[in-house]
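The next block holds one structure in the form of structure tokens; read it before the comments.
The values are calculated or read from the model by the stated rules, or taken from the named source; none is laboratory data. As the structure is a prediction and not an experimental result, all values here were calculated from the model. Here the Cβ positions follow ideal geometry from the backbone for every residue, glycine too, while neighbour counts run over all protein chains shown. For accessibility, only protein heavy atoms count, side chains too; no ligands or nucleic acids. Shrake-Rupley method; radii C 1.70, N 1.55, O 1.52, S 1.80 Å.
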Amino acid sequence: MDNIENQIFSSYERNPILYDEIYKKKGQIKKVYKKLFELYGKHSIQDYVNLNAKAKSSFFNQGITFQVYNDKDTQEKIFPFDLFPRIIAPDEWEIIEKGAIQRSKALNLFLWDIYHDKNIIREGIVPMELISTSENYLDQMVGIDPPGGIYNHISGTDIIKHNDGKYYVLEDNIRCPSGVSYVICNRTALKRALFGVFNHYKTYSVTNYAENLLDLLETTKPKGVDVPVSVVITPGMFNSAFYEHSYLAKTMGVELVEGRDLFVENDFVYMKTIKGPIKVDIIYRRIDDQFIDPLEFKPDSTLGVPGLFAAYKKGNVTLANAPGTGVADDKAVYTYMPQIIKYYLNEEPILNNVHTYHCSRPDELKYVLEHIHELVIKPVDEAGGYGISIGNRLTKAEIETVKKQITESPRKYVAQPIMSLSVHPTYIDESESFEQRHVDLRTFTILGKDKEFVLKGGLTRVALQKGNLIVNSSQGGGSKDTWVLKG
Amino acid sequence: MLARVANNLFWMGRYIERSEHIARYLNVNYFSSLDAPNAKSQDRQFVLRSMLFLVGEPDVDENVILKEQEVLFKIGLDTESPFSIINNVKYARENANSARDLISTELYESINKFYHFVLNYPSDIFLKNGLHDFTSNVAEMTAILRGKIRGTLLHDSVYAIIMMGVNIERANQIIRIINTKYNDALKAQGSYGDKFGNSFEWTTLLKCAESYDMMRRFYKKTPTSISTLEFLILNPNCPRSIMNSLNQVYKNIKILDPSMAYNKKSTAFLIGKVRAEYQYKYIEEIEENIQIFIEDILNSLNEISLKMEKEFFNY
Amino acid sequence: MSLEYSIVYKAENNYQNWVEQAHWQFLIIPEVNNNQEFVNIDFSNSVGATNQFSINGYGFKTIRVHPKQKFKNISFEATFRLIKKEVNPFDFNPSADIEQSYQKLNELNFKVDFEAFLKTTHFTRIPQAQKSMFDFEKDISIFENLQNLNHFVFNYLRFKTNVTDVKTTLDEIIVERQGVCQDFTHLFCAVARKNDIPARYVSGYLHQGNGYFGDSQMHAWAEAYIPKIGWVGFDPTNNLLANTNHIKVAHGKDYTDCSPLKGVVYTTGTNETSHTVQVLSQQQQ
């Protein structure tokens, strides 16, 4: 009965090498997807064409857009949304959630350590170069105890499923991970388009993110503050993630400020309101370290607040995430995650790490240079999917260029085996049909003082170009609503 | 509320209101001139000059022959000209963008739709036969926005600031329209009796302010200079009148500054003072020297705006 | 015996057009340490803005100024009075066991402790070609090597003002072989670190009474860490060990961490700035 006639999937091509999220190996539909498959089958493909167009214009009208920068100009684009949701079964989610918390906690302890006694280095577990050659290690943070002991309040963990059916973490994002607003928008959009399907599933809500974020941020308020005033700081409306910044401020019920709305007096931070200055205690910042205070970091930055770092150093304001967290989402640190987890928590990693070759190590560099065609080469400090080379997609000339780059600055690169991201049926505009596309999952974890929260859902990102493995929105990716089922 | 964001909301209100008045002015003047009763009012050059006068870009050289398409494009869809409708809508949206966390999703969505409508309006169609469609849509959409402002926002300081922007701009635009039409009426005088007082331009003026029908109901006579000005300036029940705008501004500043204490430096005090002045004016006083009256009221409105900026938006 | 110092720091900025917004941070207050006792600070600015005393990211004392009105000209004047104890730079026993102290340099704990002052920074990067411009001799003490390095830098570079600026890096300095105290200090730190010795950039004031190079601006010198002895100051610009004439303000990895004046100024057009420093001393009993 599994393969009931299903009109909309009649032309769905399954590549047997790839791991398909909705099909079992032998071609039956997985249990969690069965009902959905059946329900979607009742619609005609024309219905999807219409629904898809409607969903698009709804996103556009709501202004849920991001800006894409290229050489010439900036363009306002919608983040393509796919109508076929991804479903995660309760047992699988449990692993993801526990694994994400485990990583966030371990990273927090790691950050505390490398900004205090540096025991993990003294004991030879990780090399000193992780901090001494990292551009994201801030010497100014040494010895500072961040309020509540938290560095990475918000972590975005990028997880994939390989063709062995296991989850692997691809990277931890603990600077200013973005995308959470899309999780909620996707849910809203799918509800509007196909509300009927929700009746058949018990899915966790995703709308409680902002309240949890505010709650947990407030557990890390500065000492001596009773009822903290929180704000979200944004680089401004021309930033690609501005929609998200305003969304978060709105749903948290706090002010969305720009650097020029704040000032520092006697090492306390104030915002300029129509009723005069109001002291600010917690800043959820969506501005990179180098831009937060022109008197301490990049002097030509107009995004930050002069004197902010001194206020932070004196413990008068909480910054989330703390400055200097970037050192721990360096891809070189990623490769030590199993050791880091073991060292601080005395636990085995719950989520797998992809094996990584460090080009800084001569023997591994040699391996990388000889096997480029079967590896993914990543710069250690670039975000957003920039600068990634996938070995088996490169021409001979390109391979030579990459080799040259690696040889010139080996510390800047790591390499990993080409992971085969799982695929998921995705509605494709051009062919007006469902096709297999690679997906990943970004989860959002919040750490507070003795409290943590993982958003039960996450951003399933889809590489919309056929065969493409890079799912970032800036590289032409889309996204799906992600359902975590109640057990 | 952040001072900067308050400023943005204020200007969002102003730009929304401004785009409506410009759009309606284009519409009414263009179409009523087509069958106006005298040659001057029908004259293309006359109408185009009047439009440029309104947006503050009068062409001083009377000998230049203006090209209709160029003028319409410049005021309607030219992104290069700062006063164009398209730019006003763009500014309205930019200001809304930075205050997005404070306004309702519904209001933002409508502003965004408005922006996309204007942005995507094909200029060739606009110039060929879209003037009416475009301008009446703009007017329509601003009406929707006013509805969303009233119906989906909490009537607190956010609302008060937007409404102050709307009403200060409305008073400004009405007075500018009066000024423009007053100039036009001087040039295109009526054919009988008091030629200036009976100019066809007074009817156009009322239509520009969407007040023609109500005015006819109220006075039951053909509009003259004196009845038109009285209605548009002093009648507190006419929603577009200067008096009503000042009343609204006063009502809203009291939300922002509820203090009853006497403070001659406050914006509320200044607004109250200006309002009281017009409340007890009669039209004959104004008619004695309309030009000076217009300058005075523009100055007062500007003073209110500056004072607000200093008191609330200083960041 | 101690010296009482009086230091006057003046800065003047003139702008062609109005400055609508400005923030400054001064890192000019003498540090309090075991040979510097702080007596008095007097700081003022010409536009009547409040002077906020604070700290920078490394915990050194700063003064921040943010005028609330627009201006075209602004000047600052600071006067510090402090007591400096007599410093004898040779007041220690050079380590008897030379081998042991070199071994210490290679211990992981030592490297971790001094990580910040062992790493290469933008201003302390020696070009590949000059990698071995000065190698330590392992049969003499670290202190002697550092003294030789001090001498080497002093001879290698010629003191000359206005040929380098705050952006000049070692690539250029090593080729041109001239510069000011800041460049001398960067070269000293870079070579010391290359030889595994923790070295830090120090900014401060130099009492000019003895005809030293220091061009009546703020001065810079270096401190190197010698196992079992501690931080020792070297002034490669003057081929000296830091002494009673050196009044320390702050230290850091390089100039970036110690820059005396940081500012964010919103204006257009050109501007002129000038700084002067005057150090006067008076002997105390």
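Would you be so kind as to identify which of A:Asn266, A:Pro235, A:Phe309 lies farthest towards the positive end of the dipole of chain A, taking Lys and Arg as +1 and Asp and Glu as -1 on Cβ and the Cα centre as origin?
Highest projection toward the positive end goes to A:Pro235.
Taking square-rooted eigenvalues a ≥ b ≥ c of the alpha carbon gyration tensor, is region B:193-247 rounded, prolate or oblate, where a/c under 1.5 means rounded and, failing that, a/b exceeding b/c means prolate? Walk me through the numbers on the way to the answer.
Working: a/c = 1.96, a/b = 1.78, b/c = 1.10.
Since a/c reaches 1.5 and a/b is larger than b/c, the shape of region B:193-247 is classed as prolate.
Using a probe radius of 1.4 Å on heavy atoms only, what accessible surface per residue do you get for region C:98-258? Whole Å² is fine. Can you show the working numbers first?
Details: 6420 Å² over 161 residues.
Per-residue accessible area for region C:98-258 comes out at 40 Å².
May I have the pair-distance distribution P(r) for region A:152-277, computed from all Cα-Cα distances with 10 Å bins from 0 and rounded to whole percent?
Final binned percentages: 10, 30, 33, 18, 7, 2.
If amide H atoms are built 1.01 Å from N in the plane of the peptide, which residues on other chains or at least 5 residues away come under 5 Å of the amide H of A:Val376?
Answer set, sorted by chain and number: A:Gly391, A:Gln416, A:Ile418.
Considering only C:Phe143, A:Ile131, C:Phe90, whose Cα is most displaced toward the positive end of the charge dipole of the protein assembly as shown, charges sitting on Cβ of Lys, Arg (+1) and Asp, Glu (-1)?
A:Ile131
How much of the calculated P(r) for region B:3-312 lies past 32 Å, in percent of all Cα pairs? Please list the in-between numbers first.
Working: 13019 of 47895 pairs.
Result: 27 percent of Cα pairs exceed 32 Å.
Can you compute log10 of I(q)/I(0) for region A:419-487 with the Debye formula, treating each Cα as one identical point scatterer, at q = 0.22, 0.23 Å⁻¹?
-0.94, -0.99
Where in region C:247-280 does accessible area fall by at least 30 Å² between the isolated chain and the complete protein assembly, at a 1.4 Å probe radius?
Listed in order, they are C:Lys262, C:Val264, C:Tyr266.
Residue by residue through B:271-277, how many Cβ atoms from other chains fall within 10 Å of the Cβ on average? It would help to have the intermediate numbers written out before the result.
Working: counts 0, 0, 0, 0, 0, 0, 0.
So the per-residue partner count for this stretch is 0.
Classify region A:355-417: rounded, prolate or oblate, from the alpha-carbon gyration tensor (a ≥ b ≥ c, eigenvalue square roots; a/c under 1.5 rounded; otherwise prolate if a/b is larger than b/c)?
Numbers: a/c = 1.33, a/b = 1.05, b/c = 1.26.
Judged from the Cα gyration tensor, region A:355-417 comes out rounded (a/c under 1.5).
Structure shown: which of A:Lys342/A:Lys378; A:Lys42/A:Lys486; A:Lys412/C:Lys253; A:Lys314/C:Lys72 lie over 27 Å apart, alpha-carbon to alpha-carbon? Working shown, then result.
On the way: A:Lys342/A:Lys378 25 Å; A:Lys42/A:Lys486 25 Å; A:Lys412/C:Lys253 22 Å; A:Lys314/C:Lys72 33 Å.
Flagged as over cut-off: A:Lys314/C:Lys72.
Rounded to the nearest 100 Å², what's the accessible area chains C and A bury against each other, both chains counted, probe 1.4 Å? Write down the numbers at each step before the final one.
Values: alone 14090 and 21880 Å², together 33740 Å².
Interface area, both chains combined: 2200 Å², rounded to the nearest 100.
For C:His219, enumerate residues with amide H under 5 Å from its amide H, sequence gap 5+ or separate chain, H modeled in the peptide plane.
Excluding prolines and chain starts, which carry no amide H, the hits are C:Gly204, C:Tyr205, C:Leu206.
Pick out, from B:Thr222, A:Trp93, B:Leu234, the residue whose Cα sits farthest towards the positive end of the charge dipole of the protein assembly as shown, with +1 on the Cβ of Lys and Arg and -1 on the Cβ of Asp and Glu.
B:Thr222
What list of ³J(HN,Hα) couplings, whole Hz, do you get for region C:192-208 from phi and the Karplus terms 6.51, -1.76, 1.60, once you set θ to phi - 60° and write x for glycine and proline?
Each residue's phi maps through the Karplus curve to give 4, 5, 4, 9, 6, 9, x, 9, 10, 7, 10, 10, x, 10, 10, 6, 7 Hz.
Relative to the longest principal axis of the C-alpha atoms of chain A, give the angle of the C-alpha long axis of helix A:45-61, reported between 0 and 90° and rounded to the nearest 10°.
Approximately 20 degrees, to the nearest 10.
Report, in whole Å, the centroid distance computed from the Cα atoms of region B:52-68 and region A:322-384.
That distance is 68 Å.
Pull up the cross-link candidates among the aspartates and glutamates for A:Lys118, meaning alpha carbon to alpha carbon under 16 Å and not fewer than 8 places away within one chain.
List returned: A:Glu129, A:Asp139, A:Asp145, C:Glu107, C:Asp113, C:Glu115.
Once phi is turned into θ = phi - 60°, what whole-Hz ³J(HN,Hα) does the Karplus curve with 6.51, -1.76 and 1.60 give for every residue of region A:118-132, x standing for Gly and Pro?
Coupling constants for region A:118-132: 6, 4, 5, 7, 4, 8, x, 6, 10, x, 5, 4, 4, 9, 6 Hz.
So what's region C:48-119 giving for Cα Rg divided by 2.2 N^0.38 Å, two decimals? Write down the numbers at each step before the final one.
Details: Rg = 22.0 Å, N = 72, 2.2 N^0.38 = 11.2 Å.
Cα Rg divided by the expected 2.2 N^0.38 Å: 1.97.
Rolling a 1.4 angstrom probe over the protein heavy atoms, how many square angstrom per residue are accessible across region A:355-417? Provide the component values of the computation, followed by the final result.
Details: 3450 Å² over 63 residues.
It amounts to 55 Å² per residue over region A:355-417.
What does the convex hull of the alpha-carbon atoms of the protein assembly as shown project to on average, in nm²?
On the way: hull surface 213.2 nm².
Approximately 53.3 nm², given one-decimal rounding.
Between A:Gln46 and A:Tyr201, how high is the FRET efficiency from 1/(1 + (r/R0)^6) when r is the Cβ-Cβ distance and R₀ = 35 Å? Nearest 0.05. Spell out each step's value before the answer.
Values: r = 25 Å, r/R0 = 0.71.
It comes out at approximately 0.90.
In whole angstrom, how far apart do the alpha carbon centroids of region C:182-255 and region C:32-81 sit?
23
Got a sec to turn the phi values of region C:128-133 into Karplus ³J(HN,Hα) couplings, 6.51 cos²θ - 1.76 cosθ + 1.60 with θ = phi - 60°, whole Hz, x for Gly and Pro?
Once θ is set to phi - 60°, the couplings for region C:128-133 become 3, 5, 9, 3, 10, 5 Hz.
At a probe radius of 1.4 Å, figure out the B/A buried accessible area, summed over both chains, and give it in Å² to the nearest 100. All intermediate terms of the calculation are to be shown ahead of the outcome.
Details: alone 14700 and 21880 Å², together 34330 Å².
When B and A are taken together, about 2200 Å² of accessible area is lost.
How large is the charge dipole for the protein assembly as shown, taken about the Cα centre, if only the Cβ atoms of Lys, Arg (+1) and Asp, Glu (-1) carry charge, to the nearest 20 debye?
Using only the charged Cβ atoms, the result is roughly 2480 debye.
Give, ordered by residue number, each residue of region C:53-71 whose 1.4 Å probe accessible area is reduced by a minimum of 50 Å² on adding the remaining protein chains to the chain alone.
The answer is C:Ile55, C:Gly57, C:Tyr58, C:Arg64.
Just the number, please: carbon plus sulfur as a percent of the accessible area of the protein assembly as shown, 1.4 Å probe, no ligands or DNA/RNA counted. Intermediate results must be reported in sequence, preceding the final value.
Values: 22420 of 46190 Å².
Roughly 49 percent, rounded to a whole number.
Can you pull out the trypsin sites (Lys or Arg not before Pro) in region C:1-106 whose DSSP state is coil and whose Cβ has at most 11 other Cβ atoms within 10 Å?
Sparse-neighbourhood loop trypsin sites (Lys or Arg not before Pro): C:Lys68.
Just how large is the dipole of chain B about the Cα centre, in debye to the nearest 20, putting +1 at every Lys and Arg Cβ and -1 at every Asp and Glu Cβ? The partial results should precede the final answer.
Working: 37 positive and 38 negative charges, 163 e Å.
Rounded to the nearest 20 debye, it is 780 debye.
Using a probe radius of 1.4 Å on heavy atoms only, what accessible surface per residue do you get for region B:3-312? Whole Å² is fine. List each step's numbers first, then the result.
Values: 13340 Å² over 310 residues.
Here the residues of region B:3-312 average 43 Å² of exposed surface.
Can you give me the C-alpha center-to-center distance between region B:251-284 and region C:143-177, rounded to a whole angstrom?
The two parts, judged by their Cα centres, are 70 Å apart.
Between the helical axis of C:142-156 and the dominant principal axis of chain C, each derived from Cα atoms, what acute angle in degrees is found, rounded to the nearest 10?
60
Between the DSSP loop rule and a limit of at most 12 other Cβ atoms within 10 Å, which trypsin sites (Lys or Arg not before Pro) in region B:20-108 are left?
Counting only loop positions with at most 12 other Cβ atoms within 10 Å, the trypsin sites (Lys or Arg not before Pro) in region B:20-108 are B:Lys67.
Enumerate the aspartates and glutamates that A:Lys35 could reach by cross-link, defined here as Cα to Cα under 15 Å, with residues fewer than 8 away along the same chain left out.
The reachable aspartates and glutamates, counting only those whose Cα sits under 15 Å from A:Lys35, are A:Asp2, A:Glu5, A:Glu21.
Only four residue types carry charge here, +1 at the Cβ of Lys and Arg and -1 at the Cβ of Asp and Glu. Report the dipole size of region C:98-258 about the Cα centre in Debye, rounded to the nearest 20. Write down the numbers at each step before the final one.
Numbers: 16 positive and 19 negative charges, 27 e Å.
Charge dipole of region C:98-258: 120 debye, to the nearest 20.
Restricting to DSSP H runs of at least four residues, report the calculated mean residue ellipticity at 222 nm for the protein assembly as shown, -39500 (n - 2.57) per run over all residues, nearest 500 deg cm²/dmol.
Values: 34 runs with 408 residues, N = 1087.
About -11500 deg cm²/dmol.
Does any residue of region A:202-249 lose at least 50 Å² of accessible area with all protein chains in place compared with its chain alone, and if so which ones (probe 1.4 Å)?
So the qualifying set is A:Met237.
What shape does chain A take by its C-alpha gyration tensor, where a ≥ b ≥ c are the square roots of the eigenvalues and a/c under 1.5 counts as rounded, a/b above b/c as prolate, and the rest as oblate?
On the way: a/c = 1.73, a/b = 1.28, b/c = 1.36.
Taking the square roots of the gyration eigenvalues as a ≥ b ≥ c, chain A is oblate.
Using the beta-carbon distance between C:Gln16 and A:Gln465 and R0 = 45 Å, what value does 1/(1 + (r/R0)^6) give for FRET efficiency, to the nearest 0.05?
On the way: r = 53 Å, r/R0 = 1.17.
The formula returns an efficiency of 0.30 here.
Taking a point 7 angstrom from the Cα of A:Asp91 along the C-beta vector, which residues in region A:30-53 have backbone N less than 15 Å away?
A:30-33
Between A:Arg14 and residues 5 or more places away or on another chain, which pairs have amide H atoms under 5 Å apart, with H built 1.01 Å from N, and which residues are they?
So A:Arg14 has HN proximity to no qualifying residue.
In straight Cα distance, which lysines are under 27 Å from B:Lys264, not counting same-chain residues fewer than 8 positions off?
Cross-link targets: A:Lys272, A:Lys275, B:Lys251, B:Lys254, B:Lys273, B:Lys281, B:Lys307, B:Lys310, C:Lys68, C:Lys70.
Report, please, the projected area of chain C averaged over directions, based on the convex hull of its C-alpha atoms, in nm². Mind dumping the intermediate values first?
Numbers: hull surface 62.4 nm².
Convex hull of Cα atoms, orientation-averaged projection: 15.6 nm².
Of the GluC sites (Glu not before Pro) in region A:394-487, which ones lie in a loop per DSSP and count no more than 14 other C-beta atoms within 10 Å? Walk me through the intermediate numbers first.
Working: sites: A:Glu398, A:Glu400, A:Glu408, A:Glu430, A:Glu432, A:Glu435, A:Glu452; in loops: A:Glu430, A:Glu432.
Here the sparse-neighbourhood loop sites are A:Glu430, A:Glu432.
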